[in-house]
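The values are calculated or read from the model by the stated rules, or taken from the named source; none is laboratory data. Computed from a predicted structure; not experimentally measured. Here the Cβ positions follow ideal geometry from the backbone for every residue, glycine too, while neighbour counts run over all protein chains shown. Surface accessibility is based on the protein's heavy atoms, side chains included, excluding ligands, DNA and RNA. Shrake-Rupley method; radii C 1.70, N 1.55, O 1.52, S 1.80 Å.
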Amino acid sequence: MTDDFINHFFKVVAETMKPVLNSWGAGDLAENYTLEPASKRGHGDLATGIALVAASRLKRPPRELAEKLISVMRANNELSNLARYEVTGPGFINFFLNDGALMEAVHDSLALGAGFGSVTPAARSRKILLEYVSANPTGQLHVGHARYAAYGDSLKRIIEFAGYRFCREGPLEAADVTAEFYINDYGSQMNIFGRTLAARYAEALGMPAKFPEDGYRGDYPRHLAALIKEEIGDELAGQVSPSASPSAVDFFKQRGCEIVLTEMRNLLQQFRVRFDSWFSEASLYESGQAAAAIDELKTRKQTFDKEEALWLKTKARGDDKDRVLIRSGGEPTYFASDIAYHSQKLARGFDRLINIWGADHHGYVRRMQAAFAALSHDPDKLEIVIGQLVNLVEQGERKQMSKRAGTMVTLEELLGSIGVDAARFFLVDRSHDSTLDLDLEKAKQKTEENPVYYVQYAHARISSILRRAIAENIPASKPHGDSLERQERELILHILWFPATTAAASTTHSPQRLTAYVRELAASFHVFYHNCPVLKAEPAQAAFRLELCRLTRNVIARSLDLVGVSAPERM
RNA sequence: GCGCCCGUAGCUCAGCUGGAUAGAGCGUUGGACUACGAAUCCAAAGGCCACAGGUUCGAAUCCUGUCGGGCGCGCCA
């Protein structure tokens, strides 16, 4: 897209200051200075502390430098048409944007349509593989998974909209994001799962069965076994009682996994979390890629044998200790297939791999990075984001969430009790590196206080105004002349920061920037609404305010969409 | 013991990657519907930004240490 207003203003100011900055030997500041919203009324609309930064470097008084910068700004007509400026406090330069410029900015932003706040589409965009949730296909998704699902899906939307920064300090670039769910359908957990289902199946047939020692408790495996029983009847009755045959275990493992994945898929779809790809861990063994990765590590002399196991030399690459690839019993570890998986991702042509892992896996980060390096992959291509956990709170007490103990709130229950919009907003609204306490009873009671409704209400309210404008045949048009009310100015300023907000949300991987932003935007609108009549204003003003309303509605709807929340026209 | 995350209003949390007098929601108190949707708005009260140092024009933000909480430190995944 063409530059948004803030970006444009930044560049005009930079160009204007550049000759002076160069003469001071500080030309680099022209690209690196910060322009920010002025925090308090009386400080103008935008502010920069560039003179303060320059002052400490040049050992000269900041106010003197600020005055000098302002004097060249005065000589620039384009800039003077946009704003007036003054030096305050220790040497800040404050910009007071002209009403006319703000009105133009509204018009121009609206004209950008979906491009407002978005990265310029590239002819050939880079490819990102974003992996998240990746739950074992042995049970139900719980609120912990829900948090990563909401976070990961929002991040995908945000990166695709705002772009991604591939190099430190580099620009945001257009990117295609493939969202992938890694299915851990291999290994001992799966065998236990198969044996559990076989036992529950036998029970369902009224036959005696030995429940496996580490079997999966709870009702869910019974539910799966019942479904399978409906499919096959008593066909396998002879193979499961009193204990299951290997082929029966295999069957239950596979069929159970399929059912679980189908249910997960449906549930995630309801949650508006869309995966582009589901990748099976077991397929790495079937295709030989797991073995190939291990061979390659051997060839590169990155492994050694000890106590009948095969180890990878990760300690030399920053890990706390060396790690086992193949157990003394001959079985490969999860780590081994994960290494193959990561190589495989790169082989598929992705420029960047982003993994979202729970905090309970952070100890695994170093070893993965070490393995990555051991294969001479570019370390910058692997980015691991750690998300903190969700704790359950019941009657004020924290409880560990556990499948086995049954203290677990499923995604299904969460959706049933508070709905998709409230759940997504709630889960993404707090920083992903803070632990989240969830009290389901409170969440149910407090659903109506969820800030999502405050925002959606603003959207519905605007929609209502726009509907009436059409019904009453009041045109929206390009503004001319009039000055702006304070509430209009504040609303416009909020809107103009939208592109910077999407950019920041992307570079810092923080969807919560958007929830915070859209909440403030809705607040600005509500204040505007109470002070500035739209339909009942005189025609020229009504026309402009209708444009402002349309722009506000677009930005609210877009912000909500970027975190997977709906923007209803009526509620 | 070591590593990562967190500590901000009574409660739940923001704080734009160093800026001016630290913000919102809930809760409390008091106001505003014969004006486009009161799921809204206005006002008041509420703070040693865990603590101690350091970096600099300037720190809730960066660095070091202490205290408190969470998570991890398997030939589990």
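For the range A:389-404, the criterion of being of a type in the set (A, V, I, L, M) and at pLDDT 90 or above is met by none of the residues. Among the residues of the range A:508-527, is any touching an Asp or Glu at 6+ places or on another chain (Cβ under 6 Å), free of Cβ contacts under 8 Å to residues at least 40 places away in the same chain and surrounded by fewer than 24 Cβ atoms within 10 Å (Cβ to Cβ)? For the range A:508-527, residues touching an Asp or Glu at 6+ places or on another chain (Cβ under 6 Å), free of Cβ contacts under 8 Å to residues at least 40 places away in the same chain and surrounded by fewer than 24 Cβ atoms within 10 Å (Cβ to Cβ): present. Show me the helices (runs of 4 or more DSSP H) found entirely inside the range A:463-571 where at least 3 residues are touching a helix residue (DSSP H, G or I) at 6+ places or on another chain (Cβ under 6 Å), modelled with pLDDT under 95 and under 18 Å from A:Tyr453 (Cβ atoms). So the answer is A:512-531. Checked against the criteria, A:Thr16 does not count as open to solvent by 10 Å² or more (accessible area, probe 1.4 Å), within 9 Å of RNA strand B (Cβ to nearest atom), outside any strand (DSSP E or B) and of a type outside the set (Lys, Arg). Take A:Asp437 and decide whether it is surrounded by 20 or more Cβ atoms within 10 Å (Cβ to Cβ), within 11 Å of RNA strand B (Cβ to nearest atom), modelled with pLDDT of 80 or more and not assigned by TED's automatic domain parsing to the domain that holds A:Gly215. It is false that A:Asp437 is surrounded by 20 or more Cβ atoms within 10 Å (Cβ to Cβ), within 11 Å of RNA strand B (Cβ to nearest atom), modelled with pLDDT of 80 or more and not assigned by TED's automatic domain parsing to the domain that holds A:Gly215.
Looking only at the range A:339-369, residues that are part of a helix (DSSP H, G or I) and either within 14 Å of RNA strand B (Cβ to nearest atom) or not assigned by TED's automatic domain parsing to the domain that holds A:Tyr148 (or both) come to 14 in all. Part of a helix (DSSP H, G or I) and closer than 18 Å to A:Pro379 by Cβ: does that describe A:Ile294? It is false that A:Ile294 is part of a helix (DSSP H, G or I) and closer than 18 Å to A:Pro379 by Cβ.
Yes/no matrix, rows are residues, columns are (1) free of Cβ contacts under 8 Å to residues at least 40 places away in the same chain; (2) within 11 Å of RNA strand B (Cβ to nearest atom); (3) of a type outside the set (A, V, I, L, M, F, W, C); (4) assigned by TED's automatic domain parsing to the domain that holds A:His43:
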position	(1), (2), (3), (4)
A:Gln456	no, yes, yes, no
A:Asn473	yes, no, yes, no
A:Glu490	yes, yes, yes, no
A:Asn531	no, yes, yes, no
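Among the helices (runs of 4 or more DSSP H) confined to the range A:53-155, the ones with at least 3 residues that are away from RNA strand B (no atom under 14 Å from the Cβ), among the hydrophobic types (A, V, I, L, M, F, W, C) and more than 20 Å from A:Asn22 (Cβ to Cβ) are located at A:99-111. Scanning the range A:494-507 for residues that are open to solvent by 20 Å² or more (accessible area, probe 1.4 Å) and either away from RNA strand B (no atom under 11 Å from the Cβ) or within 23 Å of A:Tyr529 (Cα to Cα) (or both) yields a total of 2. Being touching a residue at least 12 places away in the same chain (Cβ under 8 Å), in contact with a Phe, Trp or Tyr (Cβ under 9 Å, 6 or more places away or on another chain) and surrounded by fewer than 22 Cβ atoms within 10 Å (Cβ to Cβ) is true for just one of A:Glu131, A:Glu86. Which residue is that? Of the residues listed, the single one that is touching a residue at least 12 places away in the same chain (Cβ under 8 Å), in contact with a Phe, Trp or Tyr (Cβ under 9 Å, 6 or more places away or on another chain) and surrounded by fewer than 22 Cβ atoms within 10 Å (Cβ to Cβ) is A:Glu86. Does the range A:221-243 contain any residue that is outside any helix (DSSP H, G or I) and under 41 Å from the mean Cα position of the chain (by Cα)? No, there is no match, as no residue in the range A:221-243 is outside any helix (DSSP H, G or I) and under 41 Å from the mean Cα position of the chain (by Cα). Taken as a whole, the structure leaves A:Arg195 outside the set of residues that are in a loop (DSSP other than H, G, I, E, B), within 16 Å of RNA strand B (Cβ to nearest atom) and under 39 Å from the mean Cα position of the chain (by Cα).
Among the residues of the range A:299-338, those identified as small (Gly, Ala, Ser) and within 12 Å of RNA strand B (Cβ to nearest atom) are A:Ala309, A:Gly318, A:Ser328, A:Gly329, A:Gly330, A:Ala336, A:Ser337.
Within the range A:536-571, the residues that satisfy the criterion of being within 11 Å of RNA strand B (Cβ to nearest atom) and open to solvent by 60 Å² or more (accessible area, probe 1.4 Å) are A:Lys536, A:Glu569, A:Arg570, A:Met571.
From the list A:Ala359, A:Ala292, A:Ala316, A:Ala340, the one residue that fits, being more than 15 Å from A:Phe181 (Cα to Cα) and touching a helix residue (DSSP H, G or I) at 6+ places or on another chain (Cβ under 6 Å), is A:Ala340. Condition test on A:Ala30, is it away from RNA strand B (no atom under 12 Å from the Cβ), free of Cβ contacts under 8 Å to residues at least 24 places away in the same chain and among the hydrophobic types (A, V, I, L, M, F, W, C)? Judged against the criteria, A:Ala30 is a match. Evaluate the following for A:Asp305: is it out of contact with any helix residue (DSSP H, G or I) (no Cβ under 9 Å at 6 or more places or on another chain), acidic (Asp, Glu) and either modelled with pLDDT under 95 or assigned to a strand (DSSP E or B) (or both)? Considered against the rule, which asks whether it is out of contact with any helix residue (DSSP H, G or I) (no Cβ under 9 Å at 6 or more places or on another chain), acidic (Asp, Glu) and either modelled with pLDDT under 95 or assigned to a strand (DSSP E or B) (or both), A:Asp305 comes out as yes. For A:Gly288, the criteria (1) on the phi > 0 side of the Ramachandran plot; (2) within 14 Å of RNA strand B (Cβ to nearest atom) hold in every case but one, which is (2).
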